[in-house]
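Reviewing the structure listed below.
The values are calculated or read from the model by the stated rules, or taken from the named source; none is laboratory data. These numbers were taken from a predicted model, which means no experiment stands behind them. All Cβ positions, even for glycine, are placed from backbone atoms using ideal geometry, and neighbour counts span all protein chains on display. The accessibility values were calculated without ligands, DNA or RNA, using every heavy atom of the protein model including side chains. Shrake-Rupley method; radii C 1.70, N 1.55, O 1.52, S 1.80 Å.
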Amino acid sequence: MENKTVYVIGHRNPDTDSGVAAVAYARLKQLLGYTNYVAARAGHFAPQTEYVFNRFKVQYPVYISDLVPKVAYYMTGSCDTVQEDISVWDAIGRMGESKSRVLPVVDKDGRYMSLLHYSVFAQNVLTIMNPEHKTAFPTSIMLIIHTMNAQPLVVKKENDIFKASVLVGAASLNMFSQMLAEHQSENVIVIASDREDIQEASIKGGVRLLIITSGHPLRKELRDEAEARGVSVIISPYATSSTAMLIAYSTPVSVMADIDITPVHPEDSVSHARTLLQDSPCRCLPVVDADKKIVGILSEHDLLHEPNIELILVDHNEMQQAVEGVEHYRIQEVIDHHRLGTLSTTYPITFINKPVGSTSTLIANLYREDRIPIPIDIAGLLLCGILSDTLILQSTTTTDIDRETAQYLSDITNLNIKQLGKDIITAGSHVEGRSAGELIHQDMKEYTQGKENYTVSQIEVGSTKEILDRKKEFLEELEIERRAHKAVFAALLVTDITQLSSILLFTYDQKFGPFVTFPRLEDNVYYLKDVVSRKKQLIPLMTEQIENYER
């Protein structure tokens, strides 16, 4: 659990209560010692919610556009990397120490280049050591010295990378001389034991490097000759066969690693990563950020585990209103004040649902139940959440619990309820300069009843005149929304905060028309006297109309 991030998240198109509840409950969890709880939002904030967060200088919740399974939710984070110029010997050693199947290779700036894994390593080593082919491979004298812990005697241009050909001086002198003549002597490495004739022929032939095995010394005259001719000489502590094998391990790791494995990014979908994993010989993929820096490894084994995130849903309990992809993750808790929806789980969860005016009311009282002092900034947010969702405690959804909690928060913050309420309602009631689509989506919820689904949006205004003047624009956007959701209707509840009544803009399937029973104001516009609550007043009326329609 400690290694998982738990997102506390509200519904799509979050209103003020939803955003406040997520932040306040995540903070409560953190104050209780659970540092892995993070507030999140499933949409962009409307002006009212932005005003509230900015007023109390509280950081917005993390924006999550969807929870479609992503690489970031399954990958193994923080892995070792090696630079491109270290030897394969060192790289394999690090893999053994960390018990890792793969090791990303990076350049001097830390950017991903290739992936070392045992399959590609074995394949490349066999190619280098194949006696039937004259294979040249890149290495340097210093890498060879380091790989076999050799004793340097004469060392020239030790850090230069060159393509080496290896000859083992085990044949007769004549045969060895013929073999040496067939190679470019300046890139030849000769492995010789204590045979001075082979040592001398190598030095006089101007080979790049002479390796004397089994710790045998080099005669002083030959050492002076090597110095004069620029031939490097080192002494290996190993026998000839072991020395020959270790040379293959001295090549830079970048040569042995697999450059054909395509890296993925944390935000890539799991379905995309699965395709690439099938083509990866090691069944692993490096995970890189936008700068190609390694951030983790994804393996097929990782995808067999549960994702590294879990969820707490606040201010909703219907799957249609939840962030897309929610069904892929374990839900720890639900805290809500709406009707029960379609949510179901395969395991017990904490489910808090009470008929109060605001989820912020429930969160504030959870602080009190846990005897955790409410921070001043959080208390201010919670008070705004309550006042926003209850129309300054005037909505029919308002309960005595909401009023008592609002007063408690007012006492903590020393804020006047009426003035604060007026400020936040005013901040959210501006419609001038905002498109119909933006206003419809800022607080839109989707519902399912029986075989039918529908959407209801709500905005609060100081006067309904501008909305009615732009009726055509709003109805066109509602119809687009209805068709997109294949809904029986799409509605916009426009609440006049000065009159505490609403108008309803309504587009619907023609067959549904006869079942609409609201008082008609004009075409597709209805007057709802004393109706201000979508949850408690409008949705029950909608439910009744749909039931009649389905009969």
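Taking θ = phi - 60°, what integer Hz values does the Karplus form 6.51 cos²θ - 1.76 cosθ + 1.60 yield along the stretch 524-538, in sequence order, with x for Gly and Pro?
For the stretch 524-538, the Karplus curve yields 6, 10, 10, 9, 10, 5, 6, 9, 10, 10, 5, 5, 8, 10, 6 Hz.
By the gyration tensor of its Cα atoms, with a ≥ b ≥ c the square roots of the eigenvalues, what is the shape of the stretch 430-532: rounded for a/c under 1.5, prolate for a/b over b/c, or oblate? Show your work: numbers first, answer last.
On the way: a/c = 1.68, a/b = 1.34, b/c = 1.26.
In terms of gyration-tensor shape, prolate.
Please give me the summed charge of the neighbours of ASN317: other residues whose Cβ is under 15 Å from its Cβ, Lys and Arg +1, Asp and Glu -1. Please report the intermediate quantities before stating the final value.
Details: positive: ARG12, ARG339, LYS354, LYS445, LYS535; negative: ASP17, ASP315, GLU318, GLU327, GLU333, ASP336, GLU446.
Net charge in that neighbourhood comes out at -2.
Name the shape class, rounded, prolate or oblate, that the alpha-carbon gyration tensor gives for the stretch 344-493, where a ≥ b ≥ c are the square roots of its eigenvalues, rounded holds for a/c under 1.5, and otherwise prolate holds if a/b is larger than b/c and oblate otherwise.
Since a/c reaches 1.5 but b/c is at least a/b, the shape of the stretch 344-493 is classed as oblate.
Could you compute Rg(Cα) / (2.2 N^0.38 Å) for the chain, with N its residue count? Could the numbers behind the result be given before it?
Numbers: Rg = 36.3 Å, N = 551, 2.2 N^0.38 = 24.2 Å.
Compared with the compact-globule rule of thumb, the chain sits at 1.50.
Run the dipole for the chain about the Cα centre, Lys and Arg Cβ at +1, Asp and Glu Cβ at -1, nothing else charged, and hand back the magnitude in debye, nearest 20.
Working: 53 positive and 72 negative charges, 65 e Å.
Dipole about the Cα centre, nearest 20: 320 debye.
Nothing charged except the Cβ atoms of Lys and Arg (+1) and of Asp and Glu (-1): what's the magnitude of the dipole of the stretch 492-551 about its Cα centre? Round to the nearest 20 debye.
Dipole about the Cα centre, nearest 20: 160 debye.
Any chance you could list the semi-axes, whole Å, largest first, of the equivalent ellipsoid that the Cα gyration tensor gives for the stretch 353-405, using √(5λ)?
Numbers: eigenvalues 69, 31, 11 Å².
Semi-axes, largest first: 19, 12, 7 Å.
Give the accessible surface of the chain per residue, rounded to a whole number of Å², with probe radius 1.4 Å and ligands, DNA and RNA excluded. Walk me through the numbers on the way to the answer.
Working: 25250 Å² over 551 residues.
Here the per-residue accessible area is 46 Å².
Answer rounded, prolate or oblate for the stretch 290-393, using the Cα gyration tensor with square roots of eigenvalues a ≥ b ≥ c: rounded when a/c is under 1.5, else prolate when a/b is larger than b/c, else oblate. Intermediate results must be reported in sequence, preceding the final value.
On the way: a/c = 2.33, a/b = 1.68, b/c = 1.39.
Verdict is prolate for the stretch 290-393.
Want the number for ASP224 to GLU547: 0.36 nm per residue separation, take away the alpha-carbon distance, what's left? Walk me through the numbers before you get to the answer.
On the way: separation 323, 0.36 × 323 = 116.28 nm, distance 10.38 nm.
Full extension of this stretch gives 105.9 nm more.
At 7 Å along Cα-to-Cβ for each site, give me the label-to-label distance between ASP85 and ASP523 in nm.
7.7 nm
I need the calculated FRET efficiency for the pair SER98 and LYS163, taking r as the beta carbon distance and R₀ as 30 Å, to the nearest 0.05.
Numbers: r = 31 Å, r/R0 = 1.03.
Computed FRET efficiency for SER98 and LYS163 comes out at 0.45.
With the dipole of the chain worked out from charges on the C-beta (+1 for Lys and Arg, -1 for Asp and Glu) around the Cα centre, which of THR275, HIS328, VAL264 lies farthest toward the positive end?
HIS328
Tell me, what does the Kirkwood hydrodynamic radius of the stretch 411-467 come to in angstroms if you use every pair of distinct C-alpha atoms? Before the final figure, lay out each step's value.
Details: mean 1/r = 0.0721 Å⁻¹.
Kirkwood radius, the stretch 411-467: 13.9 Å.
In 10 Å bins starting at zero, report the fraction of Cα pairs in the stretch 206-343 per bin as a rounded %.
Histogram of Cα-Cα distances, whole percents per bin: 9, 21, 16, 14, 14, 9, 7, 6, 3, 0.
Between the stretch 372-398 and the stretch 284-329, what's the alpha-carbon centroid distance in Å?
Rounded to whole Å, the Cα centres lie 32 Å apart.
Place +1 on the Cβ of every Lys and Arg and -1 on the Cβ of every Asp and Glu in the chain, take the dipole about the Cα centre, and give the residue among SER242, SER533, ALA40 whose Cα lies farthest towards its positive end.
SER242
Do the sum for the chain: with -39,500 (n - 2.57) for every DSSP H run of n ≥ 4, divided by all residues, what is the mean residue ellipticity at 222 nm, to the nearest 500 deg cm²/dmol? Write out the running numbers ahead of the final one.
Numbers: 19 runs with 195 residues, N = 551.
Counting only the DSSP helices, I get -10500 deg cm²/dmol.
Please give the direction-averaged projected area of the C-alpha convex hull for the stretch 1-129, in square nanometres with one decimal. Write out the running numbers ahead of the final one.
Details: hull surface 47.7 nm².
The number I arrive at for the stretch 1-129 is 11.9 nm².
Along the positive direction of the dipole of the stretch 147-200 (beta-carbon charges: Lys, Arg +1; Asp, Glu -1; about the Cα centre), which of GLY169, VAL155, GLN199 reaches farthest?
VAL155
At 1.4 Å probe size, with no ligands or nucleic acids counted, give the accessible surface of HIS338 in Å², nearest ten.
Roughly 30 Å² of HIS338 is accessible to a 1.4 Å probe.
Which whole-Hz ³J(HN,Hα) couplings does the stretch 452-467 yield from phi under the Karplus relation 6.51 cos²θ - 1.76 cosθ + 1.60, θ = phi - 60°, glycine and proline marked x?
Residue by residue, the stretch 452-467 yields 9, 10, 7, 10, 9, 9, 9, 9, 10, 9, x, 7, 8, 4, 5, 5 Hz.
Of the heavy-atom accessible surface of the chain (probe 1.4 angstrom), what whole percent is carbon and sulfur? Walk me through the numbers on the way to the answer.
Values: 12500 of 25250 Å².
Carbon and sulfur atoms account for 50 percent of the accessible area of the chain.
Net charge within 9 Å of ILE349 by Cβ-Cβ distance, Lys/Arg positive one each and Asp/Glu negative one each, not counting ILE349 itself? Before the final figure, lay out the partial values.
On the way: positive: ARG330; negative: GLU333.
So the surrounding residues net to 0.
How high is the relative contact order of the chain? Use alpha-carbon pairs under 8 Å, at least six apart in sequence, and give a whole percent.
Details: 1083 pairs, mean separation 83.5, N = 551.
With pairs under 8 Å counted, the relative contact order is 15 percent.
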